[in-house]
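One structure is given below, encoded as structure tokens.
The values are calculated or read from the model by the stated rules, or taken from the named source; none is laboratory data. Note that the structure is predicted; figures quoted are calculated from it, not measured. Methodologically, a virtual Cβ is constructed for each residue, glycine included, from the backbone with ideal geometry; neighbour enumeration extends over all protein chains shown.
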Amino acid sequence: MSAVPSLSAPGKVASRTREGGAARLLLIGLALAFLGALVVAPLTLVFLSAFAKGAEPYWKALGDAETFSAIQLTLLTAGISVPANTIFGVAAAWCVAKYDFWGKSALITLVDLPFSVSPVISGLVFVLLFGSQGIFGPSLREHDIKVIFAVPGIVLATTFVTFPLVMREVLAVMQAQGSDEEEAALTLGASGFQILWRVTLPKIRWGLFYGVILCNARAMGEFGAVSVVSGHIRGETNTMPLQVEILYNEYNFVAAFAVASLLAGLALVTLAVKKGAEWTTRLRPTRRESAGSSNLQGQASRLHPLQEQS
């Protein structure tokens, strides 16, 4: 009988392993170089430029009246648009994931519209609707309501640009988990609010958390749509990104980079919170598995004497 030939020679396996390791190291090196050139280096430059003349000019720039007003307006805008988008996102995701109706695909397309439309175009649409020469401009002027070049216009533009973020995160989680538990709760007599509060929200809490974080980060950093509807009124309608542009154009580089560093710091905090939530989510199954194994061991130890007696 002839010997069975080897499927792969040891030399070939070793060479393939070396080639795979070299390719992996090359890809990691390229990724790190790309990340360092486009992310780490600009962030480092922002903070170094902000503190180029020391800490005192940095804090003085952040304490300026116009800059402080821009910070307040940014926080106010995020504080209004993020809760509004959270409520809308949960409601829209619930509607799309739990029900079948005519026009469902059209609704999903409309929700994704801000992703495909330039923020500048979005701001221009609001100007054409609520501006002094817009469709609703004369009616608003009669009732002394100012939307464009005022805080309401900034909030509307920011809300429009950011509203798909929460819905998309929540919808993916709802579709992956299904609706079996909601149907069981409905069979047991639970009301719609009870199902939402006690069944659905605990299931989607991490997806909802990610969506809120992304929405908040985008709301604070939005520039294009807000630039169109704000009017760049100093101390009144300038958000932090607009204030950075104004300070940089005035060659006040320390103040411009100080405000930019504050925005970058908020983004880093947002990223840290998101990663912390992801790590917590990964640790939960491990803890549950360890708790389950300890329970099984305890049950086995309790059953062992009974087995000996039998």
In the stretch 189-207, is there at least one residue being of a type in the set (S, T, N, Q), modelled with pLDDT of 90 or more and surrounded by fewer than 20 Cβ atoms within 10 Å (Cβ to Cβ)?
no
Condition met for Ser81 (closer than 30 Å to Gly211 by Cα, surrounded by 10 or more Cβ atoms within 10 Å (Cβ to Cβ) and either hydroxyl-bearing (Ser, Thr, Tyr) or at pLDDT below 90 (or both)):
yes
Can you tell me which residue is surrounded by the most Cβ atoms within 10 Å (Cβ to Cβ) among those in the stretch 259-284 that are under 13 Å from the mean Cα position of the chain (by Cα) and of a type in the set (Lys, Arg)?
Lys274
Looking only at residues that are touching a Phe, Trp or Tyr at 6+ places or on another chain (Cβ under 7 Å) and within 22 Å of Leu208 (Cβ to Cβ) in the stretch 121-166, which one is modelled with the lowest pLDDT?
Phe163
Return the pairs, sorted by first residue and then second, in which the second residue is assigned to a helix (DSSP H, G or I) and of a type in the set (Ser, Thr, Tyr), the first residue lies in the stretch 90-101 and is within 16 Å of Leu201 (Cβ to Cβ), the beta carbons are less than 8 Å apart, and the residues are 6+ apart or on different chains.
Trp94/Thr200
Taking the stretch 139-170 and keeping residues in a helix (DSSP H, G or I), out of contact with any Cys (no Cβ under 6 Å at 6 or more places or on another chain), hydrophobic (A, V, I, L, M, F, W, C) and in contact (Cβ under 8 Å) with a residue 60 or more places away in the chain leaves Val151, Ile154, Val155, Leu156, Ala157, Phe160, Val161, Phe163, Met167, Val170
The residue that is surrounded by the most Cβ atoms within 10 Å (Cβ to Cβ), considering only those in the stretch 89-120 that are of a type outside the set (A, V, I, L, M, F, W, C) and in contact with a Phe, Trp or Tyr (Cβ under 9 Å, 6 or more places away or on another chain), is Gly89
Which of the residues spanning the stretch 126-138 are surrounded by 13 or more Cβ atoms within 10 Å (Cβ to Cβ), in a loop (DSSP other than H, G, I, E, B) and either of a type in the set (A, V, I, L, M, F, W, C) or within 30 Å of the chain's Cα centre (by Cα) (or both)?
Phe136
Can you pull out every residue in the stretch 127-155 that is among the basic types (Lys, Arg) and closer than 27 Å to Arg218 by Cα?
Lys146
Taking the stated definitions as given, is Gly123 part of a helix (DSSP H, G or I) and surrounded by 19 or more Cβ atoms within 10 Å (Cβ to Cβ)?
yes
Look through Arg234, Arg302 and report the one residue that is loosely packed, with under 10 Cβ neighbours inside 10 Å, farther than 22 Å from Thr44 by Cβ and modelled with pLDDT under 90.
Arg302
Check the stretch 247-268 and report whether any residue there is at pLDDT 85 or above and of a type in the set (Val, Ile, Thr).
yes
Condition check for Thr159: in contact with a Ser or Thr (Cβ under 9 Å, 6 or more places away or on another chain) and among the hydroxyl-bearing types (Ser, Thr, Tyr)
yes
What are the pairs, 6+ residues apart or on separate chains, where a residue within the stretch 264-276 that is within 18 Å of Phe51 (Cα to Cα) has its Cβ under 7 Å from a residue that is modelled with pLDDT of 85 or more?
Ala264/Leu43; Ala264/Val46; Leu266/Met220
If Phe160 satisfies every condition in (1) surrounded by fewer than 19 Cβ atoms within 10 Å (Cβ to Cβ); (2) among the aromatic types (Phe, Trp, Tyr); (3) under 17 Å from the mean Cα position of the chain (by Cα) but one, which is the exception?
(1)
